1. Which FRET efficiency, nearest 0.05, do B:N55 and B:R251 yield, Cβ-Cβ r, R0 25 Å?
2. At a Förster radius of 45 Å, what calculated FRET efficiency corresponds to the Cβ-Cβ distance of A:K2 and B:E222, to the nearest 0.05?
3. Please report, to two decimal places, log10 I(q)/I(0) for region A:1-106 at q = 0.11, 0.19, 0.21 Å⁻¹ as given by the Debye formula with identical point scatterers on the Cα atoms and no solvent.
4. For region A:93-134, list residues with backbone N below 16 Å from a point placed 7 Å from the Cα of B:R207 toward its Cβ?
5. Full-extension gain between A:K154 and A:D98, please, as 0.36 nm times their residue separation minus the C-alpha to C-alpha distance.
6. Give me the angle, in degrees from 0 to 90, between the Cα long axis of helix A:28-40 and the longest principal axis of the Cα atoms of chain A, rounded to the nearest 10.
7. Hey, what's the per residue convex hull volume over the C-alpha atoms of the protein assembly as shown, in cubic angstrom?
8. Any chance you could get the radius of gyration and Dmax over the Cα atoms of region A:179-314, in Å?
Amino acid sequence: MKVYYKTLKDLPREELFAPGHRMCAGCGAAIAMRWITKTIGPNAIIANATGCVEVTTTPYPETAWMHPYIHVAFENSAAVASGVEAAIKALRRKGLWDAGDTKVVVIAGDGGTYDIGLQSLSGMLERRHGVLYILYDNEAYMNTGIQRSGSTPKFSWTTTTPVGTAVRGKIQWKKDIMGIVMAHRVPYAATASISHILDMVNKIKTALEYTSEGPTFLHIFAPCVPGWRYPENKTVEVARLAVETGYFPLYEWDHGKLKLNPPSNAHLDKSKRKPLKEYLKLQGRFAHLTDEEIAELEKELDAYWEYLGKLAQL
Amino acid sequence: MQVQKTKHIEALTTNYAMAYAVKAVDVDVIAVYPITPQTTIVEKISEFVANGELNAELIHVESEHSALSAVVGAAATGARVFTATSSQGLELMHEVLHIAAGMRLPIVMAVPSRALSAPISIHGDYSDLMNARDTGWVIYIAASAQEAYDTVIQAFRLAESVSLPVMVSYDGFLMSHTVEPVELNDEEEVRKFLPRALRPYTLNPKRPVTMGPLASPDWYYEFKYQQVLALKEAYKVAKEVDSEYGRRFGRSYGVVETYRMEDADYAIVAYGGASYGNARAAADLARERGIAAGVVRVRLYRPFPTADVLKALDSVKAFAVVDRAIMFGSPAEGPLYKDIAAAMYMHGIDKPALGVIHGIGQRTIYVEDMYKIYTMLRENPRKEVVFMGVRV
């Protein structure tokens with residue numbers, strides 16, 4: 001990534017995400033929205049998938065969006081953004097676009113990205129639209145009341161993967177969305193966490209600028225207070241532990257090269273990672289886990305790091 | 001304003017005629033996805049773009065759901081947009097059909113109609129369109145390649161006037177792939193007919209708006225009622241646009257077309273090219289054989305032209321409605337039949353009305369079949385639905 005901001009004071013003071021929205025106290029996605037809108041600047045159009053962010057920010061006749069904003073449906077935000085981008089191109093060519101170099105940004109949750117929106121995302125990436133797609137990942141369908149998604153981690157409790165006597169939470173592993181996006185050979189894709197703001201805003205800006213070459217993708221980790229069952233003052237701590245335990249590595253894929261970013265760049269050495277248990281124990285959704293189940297998660301995490309290490313050597 | 005003098009006539013399928021209309025309109029963004037029998041529209045449009053004859057962005061989407069979603073995004077950004085689909089594609093779009101209308105976006109879409117699975121059939125009937133009839137779109141059903149061409153141009157004017165999306169439908173294969181002579185307009189004249197309107201609300205960072213918000217029970221109904229009003233307005237504006245188009249280009253159709261209805265005792269009400277053409281031939285035959293027969297064709301299907309349909313049927317003794325779609329389990333299985341029955345009931349009109357289901361999955365509708373309908377009307381006028389042309 002290019003370093004556009006050395007400190008948070010280098011960011012514009014202007015706030016483009018208005019207060020008064022209905023997001024939960026301590027919402028990780030709300031933190032992400034504030035930094036996203038600030039970093040992309042005012043000359044951008046936002047296409048938002050149905051989800052928590054959408055319903056809580058646009059209760060007619062109010063809106064939290066100071067950008068031009070469009071919400072159409074759940075599974076099609078990438079297709080809508082493709083249309084917005086194509087329209088700007090066509091209108092500009094005909095001398096009918098008066099707003100200059102307008103950027104197009106998608107904001108979608110994990111349900112709208114990993115699951116129902118995967119097809120339209122793939123189409124947008126394959127067609128090389130100059131769109132920045134931002135996934136805020138809270139690891140379940142939170143808007144409808146905490147149902148399992150393709151992003152929900154193994155063993156996690158959700159309302160559709162309850163902890164029972166026969167089945168204990170989600171059976172499957174979390175889908176590797178970054179791998180899917182990178183397979184489209186996009187110019188730039190990166191992970192970021194609301195706990196590491198400087199890293200996140202520089203990645204947002206880098207990804208935004210790269211849209212002149214084609215589609216870019218950001219996977220932002222955004223903890224959810226009611227869905228993950230932790231106290232609302234712990235959001236940033238949970239997100240930070242996700243990074244520090246290696247559960248959510250910070251890395252970027254820049255023109256075919258994978259680079260781990262601090263602090264994750266030290267985590268190929270397992271001893272530098274905090275024990276996964278420290279991350280899990282803060283959250284009610286993992287409260288039922290046995291030591292054996294935690295060991296299984298750790299084993300899978302080690303395998304994931306081995307895979308990342310190989311990718312980083314490419 | 002004067003009627004164009006020089007004539008440019010081409011031999012075109014209705015699908016190609018649609019592409020020529022899109023070129024004349026100077027559309028900005030077109031979503032392209034193949035489905036039979038629509039595909040040759042977007043093939044021809046792609047040729048126009050490849051040859052530099054049409055300055056548009058093509059979006060080669062990965063599904064029809066994305067096709068309509070992409071043109072929703074483009075229309076919201078202020079571009080003039082077009083897409084086309086049929087059958088399963090229209091079904092896959094269904095969610096976004098409602099949204100496009102609810103967001104009041106001036107989208108124009110061609111729908112050469114086709115039967116629905118299962119069993120899969122690539123052939124024509126209007127099952128696809130009829131499933132979309134109450135989505136809030138304006139719907140035209142054309143009966144010739146020329147009319148389809150003219151209607152696309154009218155559709156953009158109407159869409160941009162009343163802020164509603166418009167479908168232009170016609171018979172899959174029987175029209176979509178049938179070559180007819182089509183008089184093409186001077187493109188400069190078309191652009192004068194369709195000036196770039198300044199839409200007050202588009203996605204533009206200079207004038208930010210939020211589109212597609214969440215409406216609580218305190219607001220939702222008002223949004224929906226405005227759509228009701230907009231469609232009522234569209235009934236009026238569609239007639240005005242058709243008249244002005246006629247003055248400029250020398251061709252107009254009305255919202256309902258009639259054939260030999262002046263003194264008709266018995267009428268067939270139909271839509272689309274095959275049904276209308278064969279009904280007219282049957283009316284001629286019936287008149288030769290002493291039956292005062294006529295035909296009423298519904299061209300504007302949504303908003304339903306109640307006043308015009310009732311007026312056209314005012315003096316008949318009995319009529320039949322030929323539907324090329326089945327509304328399963330309905331009190332009467334023909335969708336147009338139900339519309340006319342409801343319109344008549346609301347206006348206190350009680351006439352024998354025969355519902356005829358025919359042409360399903362492109363089962364051949366013979367002129368003799370249509371003639372038989374006239375004899376049924378004369379010999380035993382009644383209210384009943386019959387399934388014609390099927391082995392029972």
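The numbers here are math on the coordinates, done by the rules we state, and not lab data. Source: prediction; values computed, not measured. Reconstructed Cβ throughout: ideal geometry from the backbone, glycine too, with neighbour counts over all protein chains shown.
1. Values: r = 27 Å, r/R0 = 1.06.
The value I calculate is 0.40.
2. Details: r = 48 Å, r/R0 = 1.06.
That pair, A:K2 with B:E222, gives E of 0.40.
3. Evaluating at q = 0.11, 0.19, 0.21 Å⁻¹ gives log10 I(q)/I(0) of -0.40, -1.07, -1.20.
4. So the set is A:96-100.
5. Working: separation 56, 0.36 × 56 = 20.16 nm, distance 4.89 nm.
That pair, A:K154 and A:D98, stretches by 15.3 nm at full extension.
6. With rounding to tens, the tilt is 30 degrees.
7. Working: hull volume 122.9 nm³, N = 706.
Looking at the protein assembly as shown, the number lands at 174 Å³ per residue.
8. 15.6, 49
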